[in-house]
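Peer 1: Pasting a structure here, questions to come.
The values are calculated or read from the model by the stated rules, or taken from the named source; none is laboratory data. Keep in mind it's a predicted model, so treat the numbers as computed, not measured. When we count neighbours, we look across all protein chains shown, and the Cβ atoms used for this are built from the backbone with ideal geometry, even at glycine. Surface areas here come from the heavy atoms of the whole protein model, side chains and all, with no ligands, DNA or RNA. Shrake-Rupley method; radii C 1.70, N 1.55, O 1.52, S 1.80 Å.
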Amino acid sequence: MSAIPAPAVDTTTRDATADRGFRWLVTAAGIFVLVSLAAAALSMLWGGRETFRTFGLGFFTSRAWDPVGLQFGALVPIYGTVVTALIAMLIAVPVSFGIAMFLTEIAPKWMRGPVGTAIELLAGIPSIIYGMWGLFVLVPYLSEHVYPWIDAHLGTLPLIGTLFAGPPLGLGMLTAGLVLAIMIIPFIASVMREVFLTVPNRLKESSYALGSTRWEVVWDVVLPYTRSAVIGGIFLGLGRALGETMAVTFVLGNAHELTASLLMPGNSIAATIANEFAEADSDQYRSALIALGFVLFLVTFVVLSVARLMLRRLSKREGA
């Protein structure tokens with residue numbers, strides 16, 4: 001008497017169950033990110049509620065920072081954060097573009113691997129190392145050889161002279177911007193290099209066959225093809241620059257003063273929190289520092305939201 005065969009496994013039902021479980025898993029991961037983001041923002045908003053209740057919107061526009069008199073304003077840290085990040089981007093974007101262009105279009109094949117690896121290794125160096133290098137190496141060199149020349153030749157120019165006039169202290173917003181630029185160049189250059197490598201060779205070869213120069217191929221073929229990803233990489237570096245703490249704290253000067261000169265010491269949101277949180281001896285003082293953290297969250301959120309809107313607009317334009 002033959003044995004009764006076992007029923008065949010319903011693979012369709014099994015696959016549907018696995019697919020449903022995977023969908024719930026990734027949905028939970030996405031919700032977790034949103035909940036964590038909202039929880040961080042609300043916790044900082046709640047911790048800074050006393051400051052916002054006391055000073056209101058004036059907290060964002062006031063230059064005062066007097067822990068003894070319990071008078072606090074976020075204008076100077078906001079200004080220092082934005083200015084140093086913009087300086088870093090003005091330096092880092094063209095340098096990163098040059099590095100990515102060199103590695104993908106100009107460098108011989110034997111050089112591309114080692115140089116690309118070196119660029120990626122720079123991204124793994126702790127920020128405090130950059131800060132110490134900036135304080136002990138870059139600051140003395142700039143104060144002795146660079147800033148005196150800048151003050152003498154650029155500080156006397158009309159319109160832009162106020163940006164480069166001042167004593168050559170070495171510490172200041174320009175120095176912080178330089179250190180930030182060195183820190184974010186590996187991130188932006190790595191992203192640009194990877195997306196440049198995704199451009200099909202036939203597009204570039206066709207452009208070369210029509211008589212285009214290397215620069216024309218990069219500008220008219222490579223960049224339009226990778227525009228969205230390049231902008232995303234740039235804003236990724238900007239987000240890193242806005243939130244950097246230790247490297248900026250070492251070289252910014254940590255002076256709570258609002259000045260137009262880039263050679264003068266300043267302050268940033270992250271540096272203010274790092275320097276003063278351990279010394280906050282009152283509830284109002286701690287609330288002001290936590291409120292600064294919420295302001296930094298807002299600044300970063302606005303920047304990344306603008307980047308997202310730009311990428312979406314570019315995607316629609318490319319789709320059209």
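Peer 1: Evaluate segment 1-118: find the radius of gyration of its Cα atoms, find its Kirkwood radius, and give the ratio Rg to Rh.
Peer 2: Looking at segment 1-118, the ratio lands at 1.34.
Peer 1: Moving on to the next point. What number comes out for accessible area per residue over segment 114-184 if the probe is 1.4 Å? Units Å², please.
Peer 2: Per residue, segment 114-184 has an accessible area of 51 Å².
Peer 1: Once every DSSP H run of n ≥ 4 in the chain is given -39500 (n - 2.57) and the sum is divided by its residues, what mean residue ellipticity at 222 nm do you get, rounded to the nearest 500 deg cm²/dmol? Write down the numbers at each step before the final one.
Peer 2: On the way: 14 runs with 208 residues, N = 320.
After summing the helix terms and dividing by the residues of the chain, the value is -21000 deg cm²/dmol.
Peer 1: In addition: Could you calculate, for segment 201-273, the ratio of the Cα radius of gyration to the Kirkwood radius, expressed as Rg to Rh?
Peer 2: In segment 201-273, Rg relative to Rh is 1.32.
Peer 1: Might you work out the accessible area of residue 227 for me, using a 1.4 Å probe with all protein chains in place, and round it to the nearest 10 Å²?
Peer 2: Near enough 80 Å² of accessible area.
Peer 1: Additional query: Of the heavy-atom accessible surface of segment 230-274 (probe 1.4 angstrom), what whole percent is carbon and sulfur?
Peer 2: 66 percent
Peer 1: Relative contact order (percent) for the chain, with alpha-carbon contacts under 8 angstrom and 6 or more residues of separation?
Peer 2: Once divided by the residue count of the chain, the mean separation gives 26 percent.
Peer 1: Could you tell me what percent of the accessible area of segment 123-208 is made up of carbon and sulfur, with a 1.4 Å probe and every protein chain present?
Peer 2: Percent of accessible area from carbon and sulfur atoms in segment 123-208: 72.
Peer 1: Still on this structure, please answer the following. Can you tell me the order of 166-173, 289-296, 275-282 when each peptide is scored by its average per-residue count of other Cβ atoms within 10 angstrom, highest first?
Peer 2: 289-296, 166-173, 275-282
Peer 1: Something else about it: How big is D for the chain, in µm² s⁻¹ as a whole number, if Stokes-Einstein is applied with the Kirkwood radius of its Cα pairs at 20 °C and 1.002 mPa s?
Peer 2: Calculated translational D: 93 µm²/s.
Peer 1: If I require 15 Å or longer along the helix axis, counting alpha carbons, and a Kyte-Doolittle average no lower than -1.0, what helices from the chain are left? Use full DSSP H segments.
Peer 2: Span-like helices, by this rule, are 11-47, 75-101, 109-122, 173-196, 227-243, 283-319.
Peer 1: Defining a contact as two alpha carbons under 8 Å apart and six or more residues distant in sequence, what relative contact order in percent does segment 25-148 show?
Peer 2: About 9 percent, as a whole number.
Peer 1: From the convex hull of the Cα coordinates of segment 173-320, what is the mean projected area in square nanometres?
Peer 2: 11.6 nm²
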